[in-house]
1. If each DSSP helix of 4+ residues adds -39,500 (n - 2.57) and the sum is divided by the residues in the chain, what number results at 222 nm, nearest 500 deg cm²/dmol?
2. Based on DSSP, what percent of beta bridges with both residues in the chain are antiparallel, to the nearest 5?
3. Once amide H atoms are built 1.01 Å from N in the peptide plane, which residues 5 or more positions from residue 367, or in another chain, come under 5 Å H to H?
4. Taking just the C-alpha trace of the range 98-161, give me its Rg and Dmax in Å.
5. Would you be so kind as to identify which of 165, 188, 150 lies farthest towards the positive end of the dipole of the range 141-326, taking Lys and Arg as +1 and Asp and Glu as -1 on Cβ and the Cα centre as origin?
6. Only loop residues by DSSP count here, and only those with at most 14 other Cβ atoms within 10 Å; note down the GluC sites (Glu not before Pro) in the range 66-137 that meet that.
7. In whole angstrom, how long is each semi-axis of the equivalent ellipsoid of the range 1-142, when you take the square root of 5 times every eigenvalue of its Cα gyration tensor and sort them from largest down?
8. Please state the charge dipole magnitude for the chain, taken about the Cα centre, from unit charges on C-beta atoms (+1 on K and R, -1 on D and E), reported in debye and rounded to the nearest 20.
Amino acid sequence: MIVAIPKEINPGENRVAVVPSTVKELVKKGLTVHVETGAGSGSFISDNAFQDAGAKIINDTKELYNSADMILKVYHPIMNEKLGVHEADLLKEGCGLTSLLQTTRELDLVKKLTEKKITGFSMHLIPRTTLAQKMDALSSQANIAGYKAVLMGAVHIGVYMPLLMTAAGTIPPAKVLILGAGVAGLQAIATAKRLGAQVEAFDVRPVVKEQVESLGAKFVEVESDTSDGVGEGGYAKETSDDYKKKQSALIKEHIAKSDMVITTALIPGRPAPILIPDDMVEGMKPGSVIIDLAAENGGNCSMTKKDEVTNVNEVIIDGTVNIAGSMPVHASQMYAKNISAFVTYLCPEGEMNLNLEDEIISGAMFSHNGEVTNEMTKQALNS
């Protein structure tokens with residue numbers, strides 16, 4: 001079985017789906033690995049390094065796709081302007097595809113892949129279970145984004161992060177508010193604390209309070225008798241209208257005092273919830289900043305513009321997407337390990353083992369034999 005790794009063509013995407021160490025793991029499982037020329041250049045991995053690890057370097061994109069039984073990608077297939085053809089059209093009929101495809105948002109692509117009878121797997125759909133933990137690409141990439149977001153915010157703001165006692169007077173620490181205490185949020189808390197900031201964090205799930213406080217941050221909590229925001233697999237879910245009113249009032253109070261706000265709230269398969277409407281931005285201090293990690297799915301701030309840094313009444317709103325891709329060495333290393341763990345699980349003997357009774361395989365799959373297999377994706381297509 002041949003697994004092939006094309007060079008990513010999405011602008012600014014420097015990650016790659018394999019690194020030399022994971023090429024060795026795939027080869028050890030009996031898989032043949034083809035890598036397109038220059039696929040690792042954005043992550044500073046040479047063709048020779050891949051070749052030394054056991055991969056075959058393919059110079060022609062069409063030849064690479066035509067030879068593959070499974071394509072491994074970071075970003076989902078898009079139009080290849082250079083070749084004048086969509087990457088999905090380069091896939092052989094019945095081929096496998098594994099990438100970070102958001103199946104409920106890229107519905108036209110899902111239809112195209114289904115028509116070609118592609119066996120599609122999305123790393124977004126990997127179940128959040130103990131067995132699948134090492135395949136959890138969302139967590140590995142969110143970890144990097146949470147770290148980098150604080151550094152980006154520190155560059156934007158005009159104040160020191162730590163408390164400083166100097167001959168010229170005492171400088172108070174920056175006040176940082178993290179909205180969402182998942183993987184990205186917790187890493188942001190830890191990073192902001194290491195830089196000496198005063199950190200507060202909010203999350204709809206009371207269960208994360210202990211984790212937030214263990215990192216030295218204050219947990220901002222909406223008083224509620226129910227587990228309103230706790231969803232399946234530990235993810236957040238949409239809350240009631242009453243909870244949203246209390247939440248909004250509480251965030252408004254704390255955001256007005258903050259120098260930096262990092263938003264990380266995402267609900268799988270849905271547009272990002274608006275946590276910071278226009279009036280909250282207007283109430284923020286001049287010189288403060290919002291780093292919106294949910295920008296790819298619309299943003300947690302109503303004024304966020306995807307992949308743009310805007311200035312609204314002297315408040316900077318940073319909607320940069322693919323922040324993990326700005327640290328491509330470790331982002332690729334972690335994503336490649338997630339991919340390797342999944343592919344070696346899917347192909348234990350060097351061939352694809354489509355055991356649809358297996359919750360990891362069936363959970364990650366969204367299309368097979370010309371049919372959409374993922375329930376959430378089906379609902380999105382029919383709505």
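We did not get these values from a lab; they are worked out from the coordinates using the rules stated. Please read these numbers as outputs of a predicted model, since none were measured by experiment. Glycine also receives a Cβ, built like all others from the backbone with ideal geometry; neighbour counts cover every protein chain displayed.
1. Theoretical 222 nm ellipticity from helices: -9500 deg cm²/dmol.
2. Numbers: 14 of 50 bridges.
Within the chain, antiparallel bridges account for around 30 percent of the total.
3. For residue 367, the qualifying residues are 120, 373.
4. Calculated on Cα positions, Rg and Dmax stand at 17.3, 55 Å.
5. Result: 165.
6. Details: sites: 81, 87, 93, 106, 115; in loops: 81, 93, 106.
Passing both the DSSP loop test and the Cβ count: 81, 93.
7. On the way: eigenvalues 91, 77, 45 Å².
Whole-Å semi-axes of the equivalent ellipsoid: 21, 20, 15.
8. Values: 36 positive and 47 negative charges, 133 e Å.
With Lys and Arg at +1 and Asp and Glu at -1, about 640 debye.
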